[in-house]
Structures are given as structure tokens and as C-alpha cells.
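The next block holds one structure in the form of C-alpha cells; read it before the comments.
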Amino acid sequence: MKITCIILFSVLLTANAESFKVSEHPAVLMRSITGFTEPSAHLDIEAEFLARVESFHVKEGETLNSSGQQILLVKQDSILAEIALKKEEAALQSEQQILKKQLSEKAIAEREVKYRLLEKNRLGKLSKTGKATQASFDMAEFEHDRACLKVSDIETSMIVQKQAINERKVAVAKAEEDLARHQIFGSRGWTVNKKYVEAGSLISPGEKIIQLVDVRTLSVYFRLSENEILALQTNEPDLRLKLNGKKIKAKIHHIDLNFDPVSRKRLVEMRIPGSEFKQATGGQALDLKLPIPYPNPAVKIPAKYIFTKLEQDYVKLSNGNSVALIPLRRNSDSVIINLSSLPKDAELILPEKN
């Protein structure tokens, strides 16, 4: 009989020894916000020229994984571009032939300068001895000056012609680039989302041809208040797939500096590796859970520390006093109350069982 009493007394002491320090258990509001995935980037490729779509070299849903950084997507009819290139090349050749002709004319003009100089010197000597008239010498000097001016004029024309050749070379380069742009390429790693037109369609400049998306990384957007943004930055993001509750690894990519004037919230973009999903696509629902402090400090008290007396909830302090509770919220296993309703540094003990 004595042994039984000792055992019961020990159990009672052990039960009362289990305490609950209020200051170590602040209550938080758990906000749950839903967002939907979307590709982190998308690219609408538009036509630059009036041309017919000759063929597509990729299929919708295909990821560009071929060797090389640039992969052929679409080929447009390039006959007009080829004709334009030939026209510019022919014009360039014509300009180059004009320059060759000017070079020949310059050589002849320089030879004439030498001849006129000899003639001028000959008549100069003869005029000094009276064997030639002064008028003959003056005419020879004039012809020499005219030959020199002709060389200078040809040189000026050659400078202008060289500039014309450079302009034609630029025109040829542009025609070559225009021809090359009739084949549209995409970067490795992107995925073909959809085609806006079909092969054989005649498209105008600015008309959309094909859309690429980048699903190697997915984005999800949330509109959050300042305390929600603070909670997101302070804690590891608790982001879960709504379909099965799987936790998803994500990082904050960008927080908009502007805010929505209606909700007074800011847009937050989070980035998620596509490998986190069985199939990386847009439209997958995600739940973001954020622990938000109560406006006034609150504490979450487990139900086992609460006892009811005359339909009033109480807790028992370590000094033996009881305090009535005014719950802010009741959960199945706990009650949340204002921290100010308990003494400072309060420590709770389990109530005695009746």
C-alpha cells in the first residue's frame, strides 16, 4: 500500500513538472496564397519580310537540343531576296568597272602631262634663242597646265567612285543579310510552344510565325503585402504543389518596386527549376504558406494546458495561480490568446486531473 502511494505521488510530480514557457511559443497566422506556374521567358518570332513560309523544321512541343547553338526553325521563300542580292552584286561590278576605266584614263592623262612638259621645255629654249615665238611657248605652257588639271579631275572622280563602290558593298552585305534572315533560327534549350501559321502561308512584316518558351526554369507570381514579403525573405519558402503537396524548391527572383494601387501589394516573382516537376509546364497550381505575426503579440497554448471551469477556460501558472483565457482563435489542438493577458515571463504547468 505504501509503494502504491509513492508511485502515484511520483506520477503527479512528473505531470506538474512538464511546463510551458509562453515567451518561447509565439503564435503566427499561416497565410496560404495560390499561384500558377508559367515559362520563365517566351519569345514570339515575327516575319521581317513579305514572303511565303516554305517549311517548318521543328514540331510543336519539341525542345531544341540539336548540336550547335543555333537551330533552324523556319525557312521562308527566298527567291526575291536572291534576285535582290544578284542585282546588288551586278551593280557593284559595274561600279568597279568604272573605276578600272578611270584608272586607265588617269594613266593616259599622266602620260600626256609628261609629253606636254617636254614640249613646254623645248619651246622655252627655242623662244629664248628666237627660233620659236612667245605665243608658241605660251600655248605649250597652257596645254601642260590643262593636262595637269585633267589628272587632278580624274583623281577626284576616282575618290567619288571609290565611295560609290563602298556604298555598293554595303548594299550587297545588306542583301546577303536579308537573304540569310529568310531562314529563322532558335537558341538551344528553348521549346517550341506553337506555330501561328502553316507552311505555304504568305506573311507580312511583323506577323507572328512561331513562339518559343523557356521551361528549363518556371516562374510563379504572387501579390504580397509588406509583412508577407518580409516573412518570405526571412523564412525558407514553403511552396507546395497543390496537386499532391510535394514541396518545391524555389528562389525569389524579383520583387517589384512598384505596388498595385488597389490591393496595396507588390508583385513577387519566384523561379523554380523545371526539374522539380514531372513535366515542366505552365498552369500548375502552387500554394505558398507564409507565417505572419499577429498584429498584437500572441501565444499558442496547447490544449493539454487548458482546463475548463464553469464554462470558462483557464491555464495554471507555475506559481499555482489560475488565469482565465479570452481566446482569439480556437484550433483542434490549441488556443491562441493575446500575450498581454498573461503575466510577463509566464510559465504554465499541466492542470491537475479531476
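The values are calculated or read from the model by the stated rules, or taken from the named source; none is laboratory data. It should be emphasised that the depicted structure is a prediction, and the values quoted were computed from it without experimental measurement. Heads up, the Cβs are rebuilt from the backbone with ideal geometry, glycines too, and the neighbour counts pull from every protein chain shown.
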Residue selected from region 340-352 under the condition surrounded by fewer than 18 Cβ atoms within 10 Å (Cβ to Cβ) and touching a residue at least 60 places away in the same chain (Cβ under 8 Å), by the criterion nearest to the chain's Cα centre (by Cα): ASP345
Number of positions in region 244-257 that are more than 16 Å from ASN227 (Cα to Cα) and not basic (Lys, Arg): 6
Qualifying residue in region 266-289 (condition: surrounded by fewer than 12 Cβ atoms within 10 Å (Cβ to Cβ) and at pLDDT below 90): no
Pair list, Cβ under 7 Å, 6 or more apart: region 246-273 residue among the acidic types (Asp, Glu), other residue modelled with pLDDT of 95 or more and part of a strand (DSSP E or B): ASP256/ARG266; ASP256/LEU267; ASP260/ARG223; GLU269/SER219; GLU269/TYR221; GLU269/HIS253; GLU269/HIS254
Strands (runs of 3 or more DSSP E) contained entirely in region 12-122, each with at least 1 residues that are at pLDDT below 95 and touching a Pro at 6+ places or on another chain (Cβ under 8 Å): 19-21, 28-46
Strands (runs of 3 or more DSSP E) lying entirely in region 181-225 (those with 1 or more residues that are among the aromatic types (Phe, Trp, Tyr) and either in contact (Cβ under 8 Å) with a residue 60 or more places away in the chain or within 30 Å of LEU257 (Cβ to Cβ) (or both)): 183-187, 208-224
First in region 310-334 and more than 24 Å from PRO295 (Cβ to Cβ), second anywhere and among the small types (Gly, Ala, Ser) and assigned to a strand (DSSP E or B), Cβ under 9 Å, 6 or more apart: GLN312/ALA324; TYR314/SER322; TYR314/ALA324; LYS316/SER322; SER318/SER19
